[in-house]
Amino acid sequence: MKEITQDRAIVLGEYIIETGATVRAAAKVFKVSKSTVHKDVTERLMKDNPQLYRQVKLVLEKNKQERHIRGGLATRRKYKGE
């Protein structure tokens, strides 16, 4: 069981780096919860693969800084009827 979570953490980390995906987008693609993705790419990846963890952390920080922009765009689309 532990090997499965380690492998999933690495696959999730690589996906987030390659696509720049948010935690929510990665969760949707891999059909797991946002909590699972977050735990995998922060806690598990930090222990199992620190180098990959640092790269993922940069992408997640960038996404965090841009989330207010994405939220505003989503609201705009909602009220425009797109």
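Where a number appears in this text, it was derived from the coordinates with a stated rule and is not lab data. The structure displayed is predicted, hence computed values, not measured ones. For neighbour counting, all protein chains shown are included, and Cβ atoms are generated from backbone atoms with ideal geometry for every residue, glycine included.
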* Asked: Considering amide H positions built from the backbone, and no H for Pro or chain starts, which residues 5 or more places from T22, or on another chain, come under 5 Å of its amide H?
  -> none
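In debye, nearest 20: dipole of the chain around its Cα centre with unit charges on the Cβ of K, R (+) and D, E (-)?
With Lys and Arg at +1 and Asp and Glu at -1, about 540 debye.
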* Based on the mean of other Cβ atoms within 10 Å per residue, sort peptides 18-26, 64-72 so the most packed one is first. => 18-26, 64-72
* Structure fact -> Normalised per residue, the volume inside the convex hull of the alpha-carbon atoms of the chain in Å³ amounts to 91 Å³
